[in-house]
Each structure stands twice: as C-alpha cells, then as structure tokens.
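Read the structure below first, then the notes.
Rule-based calculations on the coordinates, nothing more; no lab input. Treat the numbers as computed from the prediction; the structure is a model and nothing was measured. Please note: Cβ atoms are built from the backbone with ideal geometry, for glycine as well, and neighbour counts cover all protein chains shown.
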Amino acid sequence: GESVGLHLPTLSVQEGDNSIINCAYSNSASDYFIWYKQESGKGPQFIIDIRSNMDKRQGQRVTVLLNKTVKHLSLQIAATQPGDSAVYFCAEVHPRTSYDKVIFGPGTSLSVIP
Amino acid sequence: DTGVSQDPRHKITKRGQNVTFRCDPISEHNRLYWYRQTLGQGPEFLTYFQNEAQLEKSRLLSDRFSAERPKGSFSTLEIQRTEQGDSAMYLCASSLTRGKLFFGSGTQLSVL
C-alpha cells in the first residue's frame, strides 16, 4: 500500500547538538516532499519542502536532503533547541490528474535534553 | 487569527451516536483535506475537496462517514452510528499550493 515510512520512532538529543531525522518513501512517482512538525495538542506545521529535481534545500537551522536513488529523505536541525521537541513527519506528494495526494509517514518523536 | 479553525476541540460521545465536526479553512484556500490521526501515527488521508467538489474519498471512509463543503467555504465531517474504533484526532487542513497544508488543531473524538 501507499506509505511513507522511517524509521526511528524516537530520537533524543542534547541541546545544542545537531539532529538528523530520516524517512524512506515508497512511491517513485512522488515529486515533492515536505517535512512537518507537530507539537502536542496541535496540528502539523509546515517546516520545509523539496522538489524532486533538487537534492538539498536549506532553511533557517533546517536542511532537507533528498536521495532519489534510494528513496530516502532526511531532515537536519542545527543547534537543536528545547522548542524543537515535537513529532516530525515527512510527507510525499503524489501527482494525480485531479489533485495532489499528500501521504504522511508515521513520524519521529524528537526529545531535546536540556 | 486567520488560520484553520476546527470545532469542537474535543467530543465525547456514546457508541451509536452521530457526531459532526466543522472546519473553517483559510479564506482564500480552495483545497481542503480531512485526515484522521491516532496516537503515535501519522495523519491518514480521509477525503479531499477542491472548492465544493469532493474529489476523493479514502477507503478508510465507510458509509457511516460523510463530508461536505457547501459553497466551497467551511466543511463538515459527519460520523453516523459511531464505533469505538472511530476514536481519533480528526484534522482538517487547507492549502492554496500543492502539498503545503495548513492544519487546524483538530477535533479529538472519544467514543465510549
């Protein structure tokens, strides 16, 4: 079936260290990938995206890497802060004739140790 | 606040009852999605609207589930004859561009 998976369900990092969250996707037709952050009691929030014609994209303290050969996506967070503690989801976008279906992976829970 | 709003935030109901949830998307967004999320899992796609047209329903949606988006504005998700397995967080999201979804805070449904 359709899936975007990981997997390391939980990740603990020391404050100030860099975090790397990994994701494996299954659909080679997906051409757009997005990382979302979900804090407790809230809906997922867009962090950063990358299109399939790119292999790296940087934002503020975050970098997304895409390896289409092995269908792997990663999110790197620099100088992790306590406010980064959340569940992180990768999502892939399947192009369709009528609309674009967004499929989420199961998520990684990031805990930042002060 | 001009984000996506969902109502109610929490709903407790008895098995067999009907429930209805409302989603108000960001006003200029023509795309609207419903997802369901259980503890420790990623959001699962339920249905999608482009303006008022419902373009896809997941096979997760049994006949007890129905969604509407009259006039392409707010949307409602109704669950009839609720079952304990329906207990979950129901998330609504809207978007203007592909893939970049703006989520509400969800409606947490508990079926007793």
Using a cut-off of 11 Å between beta-carbons, work out the net charge of the residues near A:TYR88 (Lys and Arg +1, Asp and Glu -1, A:TYR88 not included). -1
When each of A:LYS101/B:LYS100; B:LYS14/B:LYS57; A:LYS56/B:LYS100 is checked by Cα-Cα distance, pairs over 23 Å: B:LYS14/B:LYS57
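What relative contact order, as a whole-number percentage, does chain A give when Cα pairs under 8 Å and 6 or more residues apart are counted?
Here the relative contact order equals 37 percent.
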According to a simple spin-label model (label point 7 Å from Cα along Cα-to-Cβ), what is the distance in nm between B:ASP63 and A:ASN27? 2.8
Let me check I've understood the local charge: for A:PHE33, count other residues with C-beta under 9 angstrom from its C-beta, Lys and Arg +1, Asp and Glu -1. What total comes out? -2
Exactly which GluC sites (Glu not before Pro) in the stretch B:1-69 are in a DSSP loop and have at most 13 other Cβ atoms within 10 Å? B:GLU28
What's the longest uninterrupted piece of chain B once you rule out the trypsin sites (Lys or Arg not before Pro) that are loop residues per DSSP with at most 10 other Cβ within 10 Å? B:60-112
Mean-square fluctuation maximum in Gaussian network of chain B, Cα pairs under 10 Å, restricted to B:GLN17, B:GLN84, B:GLN41, hits B:GLN41
Shielding by other protein chains, A:101-114, mean Cβ within 10 Å: 3
Looking only at other chains, what is the average number of their beta-carbon atoms within 10 angstrom of each beta-carbon in B:43-52? 3
Sum up the charges of everything whose Cβ sits under 10 Å from the Cβ of B:LEU112, counting Lys and Arg as +1 and Asp and Glu as -1, but leave B:LEU112 out. +2
Need the full-extension length gain, A:SER12 to A:GLN60, defined as separation in residues times 0.36 nm minus the C-alpha distance. One decimal, nm. 15.2 nm
Radius of gyration, Dmax [the stretch A:50-114; alpha carbons; angstrom]: 13.9, 47
Please give me, ordered by residue number, the chymotrypsin sites (Phe, Trp or Tyr not before Pro) of the stretch B:1-95 that lie in loop per DSSP and have at most 16 other Cβ atoms within 10 Å. B:PHE74
Between B:THR76 and B:ASN18, how many nm apart are label points set 7 Å from Cα along the C-beta direction? 0.9
Normalised alpha carbon radius of gyration of the protein assembly as shown [divisor 2.2 N^0.38 Å]: 1.02
Hey, what did chain B get for relative contact order, percent, Cα under 8 Å, at least 6 apart? 37
